[in-house]
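Step one of this worksheet: look at the structure below.
The values are calculated or read from the model by the stated rules, or taken from the named source; none is laboratory data. Just so we're clear, the structure is a prediction, and the values are computed from it rather than from any experiment. Here the Cβ positions follow ideal geometry from the backbone for every residue, glycine too, while neighbour counts run over all protein chains shown. Please note that ligands, DNA and RNA were not included when accessible areas were found on the heavy atoms of the full protein model with its side chains. Shrake-Rupley method; radii C 1.70, N 1.55, O 1.52, S 1.80 Å.
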Amino acid sequence: MSPDRRTFIRTVGAASLAGIAGCSGGGGSDTDTPGDTPGETDGDTDTPTATPTGTDEPVSTPPPNSDVPTIISLEAAGADIWNQTDLGHFYYAEVSGDFDVTVELSSLANTNPHAKAGIMARASMEPNSRNIMVRNRAGFGTSPQWRPTNGASTTSTTSEAGEDLSRVEGGYMEGAPWQRLERSGDTFRVYGSANGEDWTLMVELTPQQIEMPDSVFLGLAATSHNNAEATTATFRNLDGLEPSENQDLGSPIISGSVSITQPAVVSNVQASSSSPESLTVQGNLANMGGADSVDVVYEYREATESEWQSTDAVSRSETGTFEVEITGLTPRRYYEVRAQTTAGDTEFTTVAQLLSTPSGSDGSSESGPDSASNFDPSDGYADLAPWVTDDTPLVVVDEPSRESLQAATNVPGPRIVVFETSGTIDLGAEDLNVRNDRCWVAGQTAPSPGVTLIRGGLWVYGNECVIQHLRVRPGTAGQDTGWQPDAIEIADDTEGNIIDHCTGTWGVDENINVGYDTNNSTLSNCIMAEPLNEATHQKGAHGYNSIIGDRAKNVTWMGNVSGLGTDRNPRLKQGTEVAVVNNFIHHYHDGMWADPETEHSIVGNVFEDPQTGQPNIFGEGSVYSEDNVQRDTADVPMIGPEISELDGRPHFPEDLSAVSSSDVREHNLANAGARPADRTENDQRIVDAIRNGEGGVIDSQDDVGGYPDLAENTEAVEPPTSGLRAWIREQALAVEE
């Protein structure tokens, strides 16, 4: 059969993981952070106008067959449908008056956890049009979002500006692939459902929230949240709407498209394993696509690889469950598996399922050695990756590139990222985001001299993540004013994250931070130094080391070296509760800044070489202070006059034991930072400068020799069958002592 006669529908895998996630662009970044507020004016009329901004392709449709489900496949790229303007693809019709539309989102390729798809109503086809969308996001369930006026910021029930309107806890629904958007007069209601029968109201929007014209553009929309790669959203059971047109929203780099087919479909793809090297894959051929016979193959690949391998075809003459065994796999790895059906002239490939091979372990529970530092990463408020078992998959970074590291961190499941290469990873003047929960980035597994990230920062948006033994040096990256990256950031609204034995330098905003509204975070054994002062920050001078964001609770900041900057060592913002224990602060203008409505245990810290007369611990917060010392002869008060001093520790990690301040300086200089037993030239230079009273505030990475170019050495990662946690800890100890 000639391939060009077939209707070929293929969805990208559950994550086409090597894409560049979170690219900047007109669509912005849908992170639902505080400050999503509507605009003040809407200068457009209520008459919708269709202004094509992308490719308007015809929609291919098969002959109708009422016995076979219709699948709508929407290919869409674009940075996002969010903020003030949209980039994506839209399949729609113009409708007037009331409507009630339902659809089931069958699958959505995870090009980014913020990739989204769902029902949308727009006032116009302009990319900045006011709109309402029922979105299912690849990593965050189903929730409503809306842009209240043309060109305003979009908000949602998971954003601060819209959360009070939510009718469901947390603003979203898990396990609700069915979407419903209803209009009754000027009121819009958004529902979610697990089965298409029992509906839960998520939000009701009146003209007070959004005022829409009588005639709107109503349809199915999607975006990949990724300029470099399209997502595929597949819908079925669309009711209440007959779309007839499709076009891009805005002008994404990759044009979108729509295809409609009635294929043979394999559903409920699952796997079991009888050995660490094989998977028995089971699927259900749910329908025959109108054909007498269907050929089915399973395609599979390791999660970060680009090439697919295939099983032999299985010919089926009836629906039902069947099994295929895949052999020759690597133990303790993630694999994407998808089913491809050929029924007559129609081929269809499901979105891949993420499956993993086991380790073959006997169930060892060894925890391994503690850190060479007095401060183990498990000593703080955050538990050290309680999710790790011997069967936790490893994801391998085998080249020092942004694409390889992004692919590894993007895997949407518990994972340990290990390195078979050393080198410098250029982030390309863009932050790299760890979006999914339960990720341990184990920089200690890299061969000497380890891994350094440059020209961008590392942001941890997931929960229960661990970042160890990495160096991050954003610098100015050739950018103009407005480029203001942090080196490492624990993002807002996260919990249980640990940053341990990392080096953050040359940040433009700060070096290493803990975000707003976080809980149970630990920042331990890190070097924060040489933040860039007069660089590209829009506020001007900004040589700051660390900030703990508003309302962050149960933060441990211990065993760190914070030096050669001006301010925020750290700043403890309003509503925070932090244990600041046994840190060494060197060459600073302002020391520890405690905002109002805060309570902190500040114990055993050492201050040296202040550049002003500001008290070391100042602000208007409440502080318990014990064994904090000024090491030199500087005439600087330890506690500011507006600090409320407490008689006892308001909180303190149960497993943490402070050491005498007399031991802190030498201990921290010997143990803090990435791979202290295998320091790079820059880290050693910083440690020597602090120890010898040299160096100071800098404005550019070029002031101290510019970006590093580390040797690219390779070495295979060979973990044991049992004792994975112990092995990871042993790898850390090997670069710490």
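Of everything in region 344-365 that's of a type outside the set (A, V, I, L, M, F, W, C) and out of contact with any Ser or Thr (no Cβ under 8 Å at 6 or more places or on another chain), which residue is surrounded by the most Cβ atoms within 10 Å (Cβ to Cβ)? Out of the qualifying residues, it is 356.
Of the residues making up region 212-227, those that are open to solvent by less than 10 Å² (accessible area, probe 1.4 Å), part of a loop (DSSP other than H, G, I, E, B) and either out of contact with any Asp or Glu (no Cβ under 7 Å at 6 or more places or on another chain) or more than 18 Å from residue 123 (Cα to Cα) (or both) number 2. The residues in region 680-737 that are in a loop (DSSP other than H, G, I, E, B) and more than 30 Å from residue 363 (Cβ to Cβ) can be counted, and the count is 17.
Tally the residues that are of a type in the set (A, V, I, L, M, F, W, C) and surrounded by fewer than 22 Cβ atoms within 10 Å (Cβ to Cβ), restricting the search to region 327-343.
Residues meeting the conditions: 1.
Does residue 660 qualify as being touching a residue at least 12 places away in the same chain (Cβ under 8 Å), surrounded by fewer than 20 Cβ atoms within 10 Å (Cβ to Cβ), among the hydroxyl-bearing types (Ser, Thr, Tyr) and under 25 Å from residue 505 (Cα atoms)? Considered against the rule, which asks whether it is touching a residue at least 12 places away in the same chain (Cβ under 8 Å), surrounded by fewer than 20 Cβ atoms within 10 Å (Cβ to Cβ), among the hydroxyl-bearing types (Ser, Thr, Tyr) and under 25 Å from residue 505 (Cα atoms), residue 660 comes out as no.
Residue count for region 320-370, restricted to those that are β-branched (Val, Ile, Thr), in a loop (DSSP other than H, G, I, E, B) and at pLDDT below 95: 2. Scanning region 261-273 for residues that are crowded, with 19+ Cβ neighbours inside 10 Å and outside any loop (DSSP other than H, G, I, E, B) yields a count of 4. Among the residues of region 389-407, those that are under 30 Å from residue 430 (Cα atoms) and assigned to a loop (DSSP other than H, G, I, E, B) comprise 392, 393, 398, 399, 400, 401.
The set of residues from region 600-642 being under 17 Å from residue 573 (Cβ atoms) and either in contact (Cβ under 8 Å) with a residue 40 or more places away in the chain or of a type in the set (Val, Ile, Thr) (or both) comprises 600, 601, 602, 617, 619, 621, 623. Number of residues in region 508-548 that are of a type in the set (Phe, Trp, Tyr), surrounded by 24 or more Cβ atoms within 10 Å (Cβ to Cβ) and not in a strand (DSSP E or B): the value is 0.
Counted as qualifying within region 453-494 are the strands (runs of 3 or more DSSP E) with 1 or more residues that are open to solvent by 10 Å² or more (accessible area, probe 1.4 Å) and among the aromatic types (Phe, Trp, Tyr), namely 458-460. If you go through region 414-433 and keep only what is touching a helix residue (DSSP H, G or I) at 6+ places or on another chain (Cβ under 7 Å) and on the phi > 0 side of the Ramachandran plot, you end up with just 428. Summed over region 274-296, the residues that are open to solvent by less than 50 Å² (accessible area, probe 1.4 Å), within 19 Å of residue 335 (Cα to Cα) and small (Gly, Ala, Ser) give a count of 3.
Can you pull out every residue in region 179-204 that is crowded, with 22+ Cβ neighbours inside 10 Å, in contact with a Phe, Trp or Tyr (Cβ under 8 Å, 6 or more places away or on another chain) and within 14 Å of residue 103 (Cα to Cα)? Correct list: 179, 180, 181, 191, 192.
Checking each residue in region 138-170 for being open to solvent by less than 10 Å² (accessible area, probe 1.4 Å) and of a type in the set (Lys, Arg) picks out only 147. Scan region 228-256 for residues that are within 28 Å of residue 193 (Cβ to Cβ) and either of a type in the set (S, T, N, Q) or open to solvent by less than 60 Å² (accessible area, probe 1.4 Å) (or both) and the total you get is 15.
Restricting region 82-134 to residues that are β-branched (Val, Ile, Thr) and more than 16 Å from residue 235 (Cβ to Cβ) leaves a set whose member that is nearest to the chain's Cα centre (by Cα) is 111. Selection within region 376-409: residues that are closer than 30 Å to residue 579 by Cβ and of a type in the set (D, E, K, R). The member of this set that is surrounded by the fewest Cβ atoms within 10 Å (Cβ to Cβ) is 383.
Does at least one position in region 106-123 carry a residue that is touching a Ser or Thr at 6+ places or on another chain (Cβ under 9 Å), modelled with pLDDT of 95 or more and open to solvent by 10 Å² or more (accessible area, probe 1.4 Å)? Taking every residue of region 106-123 in turn, none turns out to be touching a Ser or Thr at 6+ places or on another chain (Cβ under 9 Å), modelled with pLDDT of 95 or more and open to solvent by 10 Å² or more (accessible area, probe 1.4 Å). Residue 421 meets all of the listed conditions (1) surrounded by 23 or more Cβ atoms within 10 Å (Cβ to Cβ); (2) among the polar types (S, T, N, Q); (3) more than 20 Å from the chain's Cα centre (by Cα); (4) farther than 30 Å from residue 652 by Cα but one, namely (1).
Only residues that are touching an Asp or Glu at 6+ places or on another chain (Cβ under 9 Å), surrounded by fewer than 22 Cβ atoms within 10 Å (Cβ to Cβ) and not in a loop (DSSP other than H, G, I, E, B) were counted in region 424-452, giving 1.
Restricting 619, 559, 640, 563 to those that are surrounded by 19 or more Cβ atoms within 10 Å (Cβ to Cβ) and farther than 22 Å from residue 531 by Cβ reduces the list to 640. Residue by residue through region 451-476, note down the ones that are of a type in the set (Gly, Ala, Ser) and in contact with a Phe, Trp or Tyr (Cβ under 8 Å, 6 or more places away or on another chain). Result: 475, single match. Counting only residues that are in contact (Cβ under 8 Å) with a residue 12 or more places away in the chain and among the acidic types (Asp, Glu), which one in region 297-320 is least open to solvent (accessible area, probe 1.4 Å)? Ranking the qualifying residues of region 297-320, first place goes to 299. Could you tell me whether residue 518 is hydroxyl-bearing (Ser, Thr, Tyr), more than 26 Å from residue 651 (Cα to Cα) and within 21 Å of the chain's Cα centre (by Cα)? So residue 518 fails the test. Note on region 568-577: residues that are outside any loop (DSSP other than H, G, I, E, B) and open to solvent by 10 Å² or more (accessible area, probe 1.4 Å) amount to 2.
Quick test for you: out of 590, 609, pick the one residue that is farther than 14 Å from residue 523 by Cβ, open to solvent by 10 Å² or more (accessible area, probe 1.4 Å) and assigned to a loop (DSSP other than H, G, I, E, B).
Step by step, each of 590, 609 is checked, and only 590 is farther than 14 Å from residue 523 by Cβ, open to solvent by 10 Å² or more (accessible area, probe 1.4 Å) and assigned to a loop (DSSP other than H, G, I, E, B).
Within region 125-152, being at pLDDT 95 or above, in a loop (DSSP other than H, G, I, E, B) and over 14 Å from residue 204 (Cα atoms) holds for 125, 126, 127, 128, 129, 130, 149, 150, 151, 152. Selection within region 90-105: residues that are among the charged types (D, E, K, R) and in a strand (DSSP E or B). The member of this set that is most open to solvent (accessible area, probe 1.4 Å) is 94.
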